[in-house]
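What follows is one structure encoded as structure tokens, with my remarks underneath.
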Amino acid sequence: MVTTEHLRAAIVATIAGATAGALLTLAPAPAQAVPGYPDPTVHSQRTHNPNANYTSRWTRADARQIKAMSDPNAGPRENSMPPAYTMPTVPQDFPDMSNGEVWVWDTWPLTDERSNQYSVNGWEVIMSLVADRGLGFDDRHVFAKIGYFYRPAGIPADQRPRDGGWTYGGLVFDEGVTGQIFDDQSYSHQTQWSGSARVFPDGQIKLFFTDVAFYRNPDGTDRKPYDARIALSQGRIHADQDGVWFTGFNRVRDLLQADGQWYQTGAQNPFYNFRDPFTFQDPRYPNKTFMVFEGNSAGQRGSRSCTNQDLGYRPGDPHAEDLETVMDTGAILQMANIGLAVADNRQLTKWHFLPPILSANCVTDQTERPQIYLQGGKYYLFTISHRGTFASGIDGPEGVYGFVGNGIRSDYQPLNRGSGLALGNPTNLNYAAGNPFDPDFNQHPGAFQAYSHYVMPGGLVQSFIDTIGTKNNFRRGGTLGPTVKINIRGATTAVDYNYGANGLGGYADIPANRAITISR
């Protein structure tokens, strides 16, 4: 998705000059198994045309490597996962970036087609999902709105206020604007979920987001499945010495609805996932704009549609699972994928689906906020998954999961020993997790500390704080956590513990690596 400025020229030159055959030679040897666990699936990283009917698989053989890395002897409240793949523990006395105004969670900056992050007229600007603090923190999802924050650009994190120095600017949309696209106007709740924002040199903003309508009875039950759509609204940013504001964003365009062919619909599964659009240009296809998003593999919920390819075991592996037994455990309810779409015009107002680029059938049910990150001629696909969404027989921490290939559509190799785990919360897989609102007494206090990660230029990663602590001694979040840094190289990542204070950077630190100046 993103890359540092000093690497950009080298990346583009590498991609432009390489042949497909040369790129294939960069694929490393497959990771080796841990005793007692299966071998991970062999992935070539080979690239395919973006239009091809090919979907890479994050297999059960891959995902079982996560538990293989866990220390079975780690005691209560200890982290059982490798430190290289673990976010440092966030202290419980974290600051609130909104000064009590709103709950804050999923957050994204203003970016260009190559995912550079921009300041505007000397202000860094971010958009976030927000909700009124009068709501219970766990009630926020059906009341989410897109708000924005701004702060002076170019100030080092150690010279800012501890809370990051952001000013809350308010909501992006007026009430009622985003509900206009729904055919059935009888919704009980209408909300906005995550997306991304493209900024242009003249100050135009194209905001891609998930537009959602809920249809609930007074007792909270659903009278019909919720309706989630990928949408676009266009506006303009303004900034002077006193702050930042927006105009426009008074109309919403319905871009994509789950099709039931590649991406599961509400009729197929009332709990389907279809959200989190992120747009970008691929240097190999400079005249096209692509979008990745979270989806579920199409088909009726609970259908026995997993395959031996989804399991991914090598022939004769003594630790392989039986397909029918796996499906009998209920793993057929975990059918996540990462979708791909391409724009049909330069205005980015018309799109069509392409086949998914990654599936995680019988592995996990959520692959949230996917991103494409370019570095060293490689394509890194990052996404978020959760301990509570893994299928039976799979376990892993809340955090970032990553895959590497030679193009947008690749036979993606899961990072870090073939597991996919790139940056997890400190977690003990020997003990139950509990829930963010009721964490387990024996679990590490950081198991729910960070959520909804976003990978930024230079391997910086921001996220929001959900819960820090254990049963009877925990604090809920609703604000952005400390930024951390991962070093990305080949098929590995590692936390940079020299960054910030023992690996924890500034709270809510989302620095711009580009700047534009627009007239008022």
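The values are calculated or read from the model by the stated rules, or taken from the named source; none is laboratory data. In this text the structure is predicted, and so the values were computed from the model without any measurement. Counting neighbours? That spans all protein chains shown, and the Cβs are built from the backbone with ideal geometry, glycine included. The protein model used for the area step is the full one, side chains on, heavy atoms only, and it has no ligands, DNA or RNA in it. Shrake-Rupley method; radii C 1.70, N 1.55, O 1.52, S 1.80 Å.
Here is how the numbers come out for the structure above:
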| read-out | value |
| --- | --- |
| Estimated distance in nm for a label pair at Lys471 and Asn217, the labels positioned 7 Å out from Cα along Cα-to-Cβ | 3.3 nm |
| Whole-number Å³ per residue for the convex hull built on Cα positions in the chain | 143 Å³ |
| Amide N proximity, region 148-164 versus Asp496 label position 7 Å along Cα-to-Cβ, cut-off under 20 Å | 154-160, 164 |
| Distance between region 115-167 and region 466-496 - C-alpha centres, whole angstrom | 17 Å |
| Inter-site label distance for Phe137 and Tyr54 at 7 Å from Cα along Cβ, in nm | 4.4 nm |
| Per-selection Rg to Rh, region 398-487 - Cα, Kirkwood hydrodynamic radius | 1.04 |
| Order of exposure, largest accessible area first, which applies to Trp105, Trp262, Trp193, Trp245 with probe 1.4 Å | Trp245, Trp262, Trp193, Trp105 |
| Selected from Ala298, Val130, Asn345, residue furthest toward positive end of dipole (the chain; charges at beta carbon) | Asn345 |
| In nm, spacing of pseudo-spin labels at Asp71 and Ala515 (7 Å Cα→C-beta vector) | 4.6 nm |
| Carbon and sulfur %, accessible surface of region 198-343 computed with the full protein complex present, 1.4 Å | 48 percent |
| Proximal lysines to Lys350, defined as alpha-carbon separation beneath 25 angstrom and excluding residues fewer than eight positions away on the same chain | Lys145, Lys206, Lys288 |
| Prolate/oblate/rounded label for region 278-344 (Cα gyration tensor, a/c 1.5) | oblate |
| Ranking by accessible area, most exposed first, for Val404, Val34 with a 1.4 Å probe | Val34, Val404 |
| Helix-only [θ]222 nm of the chain, DSSP H runs n ≥ 4, -39500 (n - 2.57) each, per residue, nearest 500 | -2000 deg cm²/dmol |
| Proximal aspartates and glutamates relative to Lys67, as straight alpha-carbon distance under 12 Å, when same-chain residues fewer than 8 apart are discounted | Asp395 |
| Residue list for region 168-182, given a label point 7 angstrom along the Cα-to-Cβ vector of His238 and an amide N cut-off under 19 Å | 168-175 |
| Whole-number accessible area per residue in Å² for the chain, which is evaluated in the context of all protein chains at 1.4 Å | 37 Å² |
| Cα-Cα P(r), region 228-329, percent of pairs per 5 Å interval | 2, 9, 12, 12, 13, 13, 12, 9, 6, 4, 3, 3, 1, 0 |
| Gyration tensor verdict on region 462-511 (Cα atoms; rounded if a/c is under 1.5, prolate if a/b is larger than b/c, oblate otherwise) | prolate |
| Carbon plus sulfur fraction of accessible area for region 400-520, probe 1.4 Å, in percent | 49 percent |
| Kirkwood-type radius of region 246-393, with distances r between different C-alpha atoms, in Å | 16.8 Å |
| Protein accessible area in region 79-148, 1.4 Å probe - carbon and sulfur % | 50 percent |
| Cα principal axis extents for region 248-287, largest first, Å | 36, 32, 14 |
| Global geometry of region 384-447, whether rounded, prolate or oblate, following the gyration tensor of its Cα atoms and the 1.5 cut on a/c | prolate |
